[in-house]
1. Considering the alpha-carbon set of segment 441-561 alone, what are its Rg and its Dmax in angstrom?
2. Restricting to lysine pairs 8 or more places apart or on different chains, what number in segment 120-343 have Cα atoms under 22 Å apart?
3. Give the Kirkwood hydrodynamic radius (Å, one decimal) of segment 120-343, defined as one over the mean of 1/r across all pairs of different Cα atoms.
4. In what sequence do Trp340, Trp346 fall when counting other Cβ within 10 Å, fewest first?
5. Can you bin every Cα-Cα distance in segment 964-1084 into 10 Å intervals starting at zero and give me the percent of pairs per bin, rounded to whole numbers?
6. From the cross-link list Lys398/Lys525; Lys392/Lys828; Lys998/Lys1119; Lys606/Lys710, which pairs have alpha carbons spaced over 25 Å apart?
7. Tell me the trypsin sites (Lys or Arg not before Pro) within segment 459-511 that lie in a loop according to DSSP and have at most 12 other beta-carbon atoms within 10 Å.
8. Out of segment 802-874, which trypsin sites (Lys or Arg not before Pro) are coil in DSSP terms and have no more than 11 other C-beta atoms within 10 Å?
Amino acid sequence: MKRKPFYKYGNAELRVERRLVRLDISRPESTTRPESDSRTEIKSRTDNDFSPEGRSRIASNFKPSSNFRPASNSRNDPDPRLEEESEADEDSDSDSEPPPKRIRRAFSHVRVCGPQFPRSQYENWDYPLPITSEADAIDELSTLSTEPLEYEYLTLDDFSIYLLDKGNHALTLTTLDRLQNSKGHDELLFNGVLTTRNQRLYAEGVRFSVVTIDGYGDSADVQGHVCIQSLMTKKTNIWYRLGRPAAEYKRFYDPFLYVAQFTKYFVEYLLQSERLVTIDDFRRNFFAWLFVGNSSQPCFQAWLAKANLRDFRTTVVAHVGFLLKECSSIDTELLKHTIWSEINPWELTAIARQPNREKKTVVTPFVYDCFQSMYFATEMESRGITNAEVLKCMKARKRALGLTPVPRIRHPDHAATPPTPARIDSGLLTPRSLSGSPTRNKMAVAKGDVVGLAPDLSSRWKSESATWYAYVQNIHNDKLDVLWLYEAQDTTLGNANYPFSNELFLSDNCSCGKDAVDASLVLSKVNVSWSVRDPSSTSGLFIRQKFRTVHDEDTYDFVSIGDSDFRCRCNEEHSSFLDVRRQYEIGDTVLCLEHDDLDRRKKCFKPAQIIDFLLDLRQVVLRRLQPSSDPASRPNQLCLTDEVFRCQPSKIARKCHVRVFHPDALEEGLPTPYNYDGAGDFFYILDEPSSFDTLGAGAFEASAKMPTLKLGWDPLSRPLTSKLKGMGIFCGGGNFDRGLEDGGAVDFQFAVDFDEHALHTYRANVRNDDEEIEFFLGSVDDYLAQAMAGSQKTAIARIGAFDVLAAGSPCPGFSRANQQRDKPKALKQCSLVASVLSYVDLYSPKYCVFENVVSMAESTGPNKDQNVFSQVLAALVAMGYQVQQFLMDSESYGSSQGRARVFIVASAPGLPPFDAPPYTHGRLSNWMAKRLGRSSNGLPFGIRRDDYTVFEHTSPLQATQDLPDIGDGLPGICPAFPDHRVLSMDNLSRACTAVVPKHPRAMGLVQAIQQGQPEPGSWCSTVTGQPLAYYHGTTVRNKIRSHETSTMYARVRPYALFPTVLTKMNIQDGRMGRNLHWEQLRSLTIMEARRAQGLPDHEVVIGSTNQQMRIIGNSVDRKVALALGLSLRQAWLTAAGVTS
């Protein structure tokens, strides 16, 4: 594979810096061509050389000038080199000959990463020595060697290692750790100079299949101990010892030496360990062992400085293939360590795979009755509970929590028969029956009655009921102050199949005062049963919950009825000052609405401490807590000030958590959630221990003039009351569960998932030794069937064994990106929402948190007349749960990606429901309104709120600013961030990526080609070669990819948001291909996807890069999960009677 020669014009000098390629051209005196022509020719010949081939030709033919200085960042700043030249000209003799004229060409934002191929693949490259065949080289050099005959070593210098000439990655440079690696390469090629004593011979294209590291247990440094063996030298026990790499291969070999050194330490650790080593040892014990034995060695210090890690689990997982190969070749006894069963992606056995016997979605009879009319009902199978002990525990659990009792079990032959709805009393009066009976209007109505009224057809309410119901809260002058009662279809349940048609819901929607109802409009008094425990045994109307409708707060949910719910608050005097006095105390830290420091036209929340309450002025005195001025600090780091100001109580939004830490805590790591950059309203102050007062861990005093600062929640302290126990189904890698745990209210003890790599990832990140989590690697249907049958397995939870159920059922069946939503696989995935509800029905947890894509709330089915979201709400409400729904966007909670998800939260009757998680981070200026649906009053619910926040949104640039520049990502090894590696990119993808401009932002291949055409529609373009040919082929095959708005090979907007992280990173996709880095010549890395999803850097993700991407894409955003976990914590503390 030969590249076209690079055309040289005159004396050209390539100057390379990070974001600039400068060509300095000196014209020979003999040149007579006009200046304009020369510039045109230079430009035409260089513009086509920024493909991978062109960049490689440049790098292989030119070297940076020794006197190169970086160019100025400002266009107005003079070039330092020009200043030197002008000074030299002034000092020189005026009669001297003027220097040759220079013509400069600066190409902005072009970066040369280094050749993708060995230099031997480029024309006009001068070989260092004549090419010698390997056989001739061995014959000549082996006779000169003085090494022992058992093993003979030849030094290989100026070497490059690359792939064989086949496949989509042909002849690409690669690292040695991919040789003989599972899913790697069986053979590689090398070029280099073979040396013995004074004899040097050059060999090219030599195949080899063995790489090894000498000196285990002996030499401290692997440098000079990496050896390879070709197919030919295997027969003669000759080894090639790697010496100095070629210039173009240095960026591959240096990172490999880091991995090789780690491999040496890894193998020695396993050899010396007296017990079986686990993955957790590399978090707790490995570094201490490493430091004790190697701290005095310079090579160790240099190696450690490259990454500065203390937890090496991610390093182990990223290079498990090479580690496994080395251990296999040294001592097969090393393969008996437990770690391999935990992290080996090709043979994970730490969690036993359970047989998959159930083919249908197993559901309880009650859930089946709710969902039997849905379009995916054919994928469900109703399974009755026949085990007497399970049924007994199920009934007792529901009775204890006040949930709907277990309905009478139907005969299996009639399981599909829908329940007969309870009939509403046929004696109720209607407007027609009242028309001929005027005496009916004189009936006596008393306070506390429920009355029937004729519908107001002019109202915005869209109810189709013949009678409207209302609760009479007061009577004055033949006027009724009423609270309206809703039927199921008048709520967010809509047209869902609700099993109790005789149930009404109290509301906070009133008609009182001047809007009071005339008593003459009453059609009838209605007998209603309140707080019914068993709806199936009630034939008349009954009420057991309140449907809250506060549109300004986006509150449309179902909650238990309290004593205060039987009266509206329209006539109550409201004082924001008194509210603040009741909620807060002096010393509390709060968020106060103020003008933005950078833009006075904007307002935002700022943290402050309450100093005093001014009773006469009805104002609050606050001390300002200023953000840190250190540019290296986190955005949630604060500084105490003595600045005091007053504000209106209405501007105080909510409490925030502020805690003081020693400066050393930054190196040790701040505790979660203080390390999440302000997510959840958590802030911190750095101060010396001497500043702490003697009031204990709950207070901090920095000035005698100010009251004591009440410190926020300490996540490392002992909980104030026993934590809840949790179970995760469809738990994946556990990001959702760990995010809820970060809130401090729950510890998960059961985890169920079908993906072995995901569940082993969950297991590898268990935090504490004393956490005993039961893992079930299998289908949720098999798990539920065994639980209903009374299985005694320890992995099968007993009823009452957990309090919180977290579930995120598969979303592809609802996703708009799925073009086959009517296929059996998609229908099966959709039916699994009924499985989640069956777990709720069987286990009756205190809380359930359910997640899915927003499109689940859209009308669907063959006729677009069904709504799965409403049906889920209906089933939970029918079970007796308080139910809320939240539309949550990741960027509003501190993440750097645009990811919208719907969350449904169910709370047992009487328990405090969740507070809506507040927004902590702002949105983009071009955000769009969104909703989950509309209620019967025509107003939207589950909306995207436009709230004030503390922080601006977190951009991809901010989220990844500490990650090193890895250029094209081809080496695939990053010591400090082992997952900072790209998914596989073939040669075509790299060629297409190289021609996509970095400015203007968000460009893609299609835009680069279409906007580079001299005339719209012409085939001429500044993009040539493989990328243009691929575009032409795409235009014929796929109109979406070739459309002007296509995201095929498109770059991420660095100041906006990452696109939603999916299970696959398909950079060729026309709709979701915006996955190229905004500056570097590559796709996004696994690490960048992790950052977008909020995964902490120290947590591991088991599997290959594709398997890792699937686990990350299936996860719930960590900071969104934290926000829900904090709401759970507040509800948990309120239920326990803890006020602070």
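1. When restricted to the Cα atoms of segment 441-561, Rg and Dmax are 14.3, 42 Å.
2. 11
3. 18.8
4. Trp346, Trp340
5. 14, 46, 31, 8, 1
6. In this structure, Lys398/Lys525; Lys392/Lys828; Lys998/Lys1119 lie more than 25 Å apart at Cα.
7. Answer in residue order: Arg460, Lys462.
8. Qualifying residues, ordered by number: Arg816, Lys864.
Computed from the coordinates by the stated procedures, all read-outs in this text should not be read as laboratory data. Computed from a prediction, not measured in an experiment: that's the story for all the values here. Neighbour counts are summed over all protein chains in view; Cβ atoms, including those assigned to glycine, are modelled from backbone coordinates with ideal geometry.
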